[in-house]
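These notes concern the structure reproduced below.
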Amino acid sequence: MSVKDRVRVRETRLLSDNWYVLRTTTFDWKRRDGTWQTQSREHYDRGNGAVLLPYNIENRTVLLVKQFRYPAFVNGCDDLLIEAAAGLLDDAEPEVRIRAEVEEELGYRLGEVRKVFEAFMSPGSVTEILHFFVAEYDAAMRISDGGGHPNEGEDIEVLEMTMEQALAMIADGRIRDAKTIMLLQHLALTVLRAA
């Protein structure tokens, strides 16, 4: 039986369409024992996104960004977040969009870009699927200082650090962003381990 055969949507209401779209839906769910249960859930639709971690095998370095994130701040984070470059797809293909984001945020024009996986980041409330990429970089690929677009509210610092430093920052809590942790661990377990 398909999951779609186990869901009967009763009503969907728009709660907010300010920055992104927030809806609440009442639906019936067919449980494993065959009974139907009525449930209600809110879901936030911000579109799908892409994230990329550039790495340099020879120097064992990665490029990250450091920026202010208001939702993290209101949840007690009194620091800027260190993250991999990322952005929403805005109706573009994931690889096309992430290349543009890397140029805007990091200031690098990359060669080959490799998709490693995709994941729902918070499937209990957010519809977003995030496409994860890695790519090699070197100094010759730098085309600008990066930093993002100020007119979009971006104020981004570009960081270059060794993989060892980045992994230590996960361990001590300085890197707390899930997508970044996932890509750093992927890189440590695959690409850099083989180098």
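The values are calculated or read from the model by the stated rules, or taken from the named source; none is laboratory data. Bear in mind the structure is a predicted one, so any value in this text is a computation, not a measurement. Don't worry about glycine lacking a Cβ; one is built from the backbone with ideal geometry, like all the others, and counts go over all protein chains shown. Side chains are part of the model used for accessible areas, which takes the heavy atoms of the whole protein and leaves out ligands, DNA and RNA. Shrake-Rupley method; radii C 1.70, N 1.55, O 1.52, S 1.80 Å.
Apart from one condition, Gly111 fits all of (1) in a loop (DSSP other than H, G, I, E, B); (2) at pLDDT below 95; the exception is (2). State all residues of the stretch 54-92 that are acidic (Asp, Glu) and open to solvent by less than 90 Å² (accessible area, probe 1.4 Å); if no residue qualifies, say none. Passing the criteria: only Glu83.
Count of the stretch 150-195 residues, restricted to those that are open to solvent by 40 Å² or more (accessible area, probe 1.4 Å), among the small types (Gly, Ala, Ser) and without any contact (Cβ under 8 Å) to a residue 40 or more places away in the chain, is 4.
Answer yes or no: is there a residue in the stretch 133-153 that is assigned to a strand (DSSP E or B) and either more than 22 Å from Gln67 (Cβ to Cβ) or not assigned by the TED database to the domain that holds Val65 (or both). Among the residues of the stretch 133-153, at least one is assigned to a strand (DSSP E or B) and either more than 22 Å from Gln67 (Cβ to Cβ) or not assigned by the TED database to the domain that holds Val65 (or both), which makes the answer yes.
Just one of the listed residues (Thr12, Thr61, Thr24, Thr38) is of a type in the set (S, T, N, Q) and under 25 Å from Val158 (Cβ atoms), and it is Thr61. Would you confirm, using the coordinates I've provided, whether Arg99 is open to solvent by 60 Å² or more (accessible area, probe 1.4 Å), in contact with a Ser or Thr (Cβ under 7 Å, 6 or more places away or on another chain) and closer than 24 Å to Glu157 by Cα? Criteria not met by Arg99. The strands (runs of 3 or more DSSP E) found wholly in the stretch 2-47 and carrying at least 1 residues that are under 27 Å from the mean Cα position of the chain (by Cα) and small (Gly, Ala, Ser) occupy 7-17, 36-45.
When the stretch 118-149 is limited to residues that are open to solvent by 60 Å² or more (accessible area, probe 1.4 Å) and of a type in the set (A, V, I, L, M, F, W, C), the one that is nearest to Glu101 (Cα to Cα) turns out to be Ile143.
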